[in-house]
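The values are calculated or read from the model by the stated rules, or taken from the named source; none is laboratory data. In this text, all values refer to a predicted model and were calculated from it rather than measured experimentally. Heads up, the Cβs are rebuilt from the backbone with ideal geometry, glycines too, and the neighbour counts pull from every protein chain shown. Surface areas here come from the heavy atoms of the whole protein model, side chains and all, with no ligands, DNA or RNA. Shrake-Rupley method; radii C 1.70, N 1.55, O 1.52, S 1.80 Å.
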Amino acid sequence: MWYIWDLSILLSALSLVIMLFLVARRVLQERRDRAAAEQRRQILTALIAFTESRDREALKATVLGVPAGVAIDAGFEFIALLRGEERDDVLVAFNECDLPARVARQLRKGNIAERIHAAEMLASLGSEDASANLLAALAQDRAREVRIAAAIALCDLGSLPLLGTALDFIGVAGQRSRRLIELFRRFPRSRFNELAVHASRADASPLVRAAAIDALARAGGFGFADFFASLAGDAAPEVAAAALRALGLTGHAQVSAILKRAMANDNWDVRGAAAESAGRLGLPELAAPLSRLLDDEVWTVRYAAANALRSFGQPGELLLREIAASEVSRSQRTASLILAEGPAA
């Protein structure tokens with residue numbers, strides 16, 4: 001009996017100690033958060049004052065008077081709002097406070113999230129050794145997410161190695177990341193030929209090829225229309241679908257025939273991409289194959305085809321109403337649903 005009482009008292013005391021510990025920890029955390037918020041306010045106030053007075057010594061005193069992490073984060077957010085001479089002057093002050101060196105240390109020693117953030121900050125700070133530090137991260141960092149972030153930052157600085165070399169550093173696993181789309185969309189126009197080469201390589205990852213096609217379509221314009229047309233029948237469905245969507249942005253002399261063939265493809269993504277592009281380009285001559293796609297076994301394809309028909313205006317709407325009034329079928333249900341959504345935006 002006494003054993004049970006003693007154990008109960010011990011457990012109660014232990015619970016009290018744990019509760020007190022958690023309360024004390026919460027209080028300390030709130031104090032730290034308030035201190036960090038106040039330090040952040042000081043930095044932002046000093047930066048705003050600097051844009052008016054250009055008193056670099058006052059700004060440096062404030063930056064050096066707070067923890068490096070607070071100064072780096074607040075400063076990075078602020079310079080994103082600046083342009084021209086104001087931005088250049090703030091960057092000079094940051095360099096004189098040795099902030100880029102602190103960011104470089106974070107790139108080497110931080111956790112994954114901190115290293116990714118450091119790569120972004122180094123590109124913005126633009127210090128003399130930023131490219132060297134980012135190249136080291138691209139070549140040596142153990143996390144593929146960090147390597148991709150370093151590649152994007154290097155692209156922003158105009159210092160990215162040849163695309164093949166950069167992709168080798170990123171690694172096979174990293175080449176399945178959707179962030180490659182962001183990297184390729186930042187490529188300078190003078191290096192579009194590298195994207196075209198990788199998009200045409202049959203031995204490259206389909207995701208890499210598709211991302212390259214997407215970037216070329218968005219920034220390269222009609223000049224790559226023939227190239228996209230040549231890839232519209234590629235054996236890799238992901239590549240073919242990307243090429244068809246690209247044709248929807250650029251157009252092509254033979255685009256109607258290309259899209260019509262693609263609408264009969266065995267892969268649903270290819271059929272859906274063809275339907276999307278037909279609607280985007282406004283090709284009423286493809287109304288018949290689009291109508292057949294309303295009976296496609298994949299809902300995504302049916303919806304894309306119905307949307308394309310609706311984008312043709314009154315003729316497309318009349319066709320949809322005719323199908324919606326027919327006997328119950330997948331085509332009839334799809335037409336009814338798209339009509340219920342109202343006119344095309």
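For the modelled label position 7 Å from the Cα of residue 176 along Cα-to-Cβ, which residues of the range 190-227 have backbone nitrogen atoms closer than 12 Å?
206-207
Can you find, among 257, 37, 309, the residue sitting farthest towards the positive end of the charge dipole of the chain, where Lys and Arg contribute +1 and Asp and Glu -1 at Cβ?
It is 37.
Select from 318, 283, 180 the residue whose mean-square fluctuation is largest in a Gaussian network model of the chain (Cα-Cα springs shorter than 10 Å).
Taking springs between Cα atoms under 10 Å, the residue moving most is 318.
Dimensions of the chain along principal axes (Cα, Å, largest first)?
Result, largest extent first: 77, 73, 43 Å.
Just name one of 235, 216, 206: the one whose Cα is farthest towards the positive end of the charge dipole of the range 203-245 (beta-carbon charges, Lys/Arg +1, Asp/Glu -1).
Looking along the dipole axis, the top candidate is 216.
If I build a Gaussian network model for the chain, linking alpha-carbon pairs within less than 10 angstrom, which residue out of 173, 58, 101 has the largest mean-square fluctuation?
It is 173.
Rank these by accessible area, largest first, 1.4 Å probe: 178, 41. Please report the intermediate quantities before stating the final value.
Details: 178 160, 41 120 Å².
Accessible-area ranking of 178, 41, largest first: 178, 41.
As a test of reading the structure, rank 109, 60 by solvent-accessible area (1.4 Å probe, protein chains only), most first. Let's see the in-between values first.
Values: 109 160, 60 35 Å².
Sorted descending by solvent-accessible area, the residues read 109, 60.
If you average the C-alpha positions of the range 197-260 and of the range 128-194 separately, how far apart do those two centres end up, in angstrom?
22 Å
In percent, what relative contact order does the chain have, based on Cα pairs under 8 Å that are 6 or more apart in sequence?
On the way: 415 pairs, mean separation 23.6, N = 345.
Reported as a whole number, the value is 7 percent.
Enter the angle in degrees (range 0 to 90, nearest 10) between the Cα long axis of helix 99-109 and the first principal axis of the Cα atoms of the chain, meaning the one along which they spread out most.
80 degrees
With label points built 7 Å along Cα→Cβ from the Cα atoms of residue 295 and residue 98, find their separation and express it in nm.
7.6 nm
Scale the Cα Rg of the range 30-183 by the rule-of-thumb value 2.2 N^0.38 Å and send over the ratio, two decimals. Please report the intermediate quantities before stating the final value.
Numbers: Rg = 16.5 Å, N = 154, 2.2 N^0.38 = 14.9 Å.
So the Cα radius of gyration is 1.11 times the expected 2.2 N^0.38 Å.
Pop out the ³J(HN,Hα) list for the range 305-319 in order, Karplus 6.51 cos²θ - 1.76 cosθ + 1.60 with θ = phi - 60°, rounded to Hz; leave Gly and Pro as x.
Running phi through 6.51 cos²θ - 1.76 cosθ + 1.60 with θ = phi - 60° gives 5, 5, 4, 4, 4, 5, 6, 7, x, 4, x, x, 5, 4, 5 Hz.
I'd like the orientation of helix 130-140 relative to the chain: the angle between its Cα long axis and the longest Cα principal axis, in ° from 0 to 90, rounded to 10.
Here the helix axis deviates by roughly 70 degrees.
In what sequence, largest accessible area first, do 191, 179, 105, 292 appear using a 1.4 Å probe? Walk me through the intermediate numbers first.
Values: 191 45, 179 70, 105 100, 292 150 Å².
Reading off the accessible areas and sorting them downward yields 292, 105, 179, 191.
For the range 51-129, what is the charge dipole size about the Cα centre, in debye to the nearest 20, if Lys and Arg each add +1 at the Cβ and Asp and Glu each add -1 at the Cβ? The partial results should precede the final answer.
Details: 10 positive and 15 negative charges, 81 e Å.
Magnitude of the dipole: close to 380 debye.
Grab the other residues whose beta carbon is less than 14 angstrom from that of residue 111, score K and R as +1, D and E as -1, and report the net. Each step should come with its number before you reach the end.
Numbers: positive: 105, 108, 109, 115, 142; negative: 114, 141, 145.
Neighbourhood net charge equals +2.
Taking the Cα centre of the chain as the origin, how large is its charge dipole in debye, to the nearest 20, when only Lys and Arg (+1) and Asp and Glu (-1) carry charge on their Cβ atoms?
Values: 41 positive and 41 negative charges, 77 e Å.
Dipole about the Cα centre, nearest 20: 380 debye.
Tell me what the chain gives for mean residue ellipticity at 222 nm when only DSSP H runs of n ≥ 4 count, each as -39,500 (n - 2.57), the sum divided by the residue total, rounded to 500 deg cm²/dmol.
On the way: 20 runs with 262 residues, N = 345.
That calculation yields -24000 deg cm²/dmol at 222 nm.
Short version: what are the Cα gyration tensor semi-axes of the range 210-345, square root of 5 times each eigenvalue, largest first, in whole Å?
Values: eigenvalues 142, 44, 26 Å².
Semi-axis lengths for the range 210-345 are 27, 15, 11 Å.
How big is the Rg/Rh ratio for the range 241-318, C-alpha atoms only, Rh by Kirkwood, two decimals?
On the way: Rg = 10.9 Å, Rh = 11.8 Å.
Here Rg/Rh amounts to 0.92.
Under 10 Å, Cα contacts only: if you run a Gaussian network model on the chain, which one of 156, 203, 296 comes out with the highest mean-square fluctuation?
Looking only at 156, 203, 296, the largest GNM fluctuation is found for 203.
On a 0 to 90 degree scale, rounded to 10, what angle separates helix 268-281 from the longest Cα axis of the chain?
It is inclined by approximately 80 degrees.
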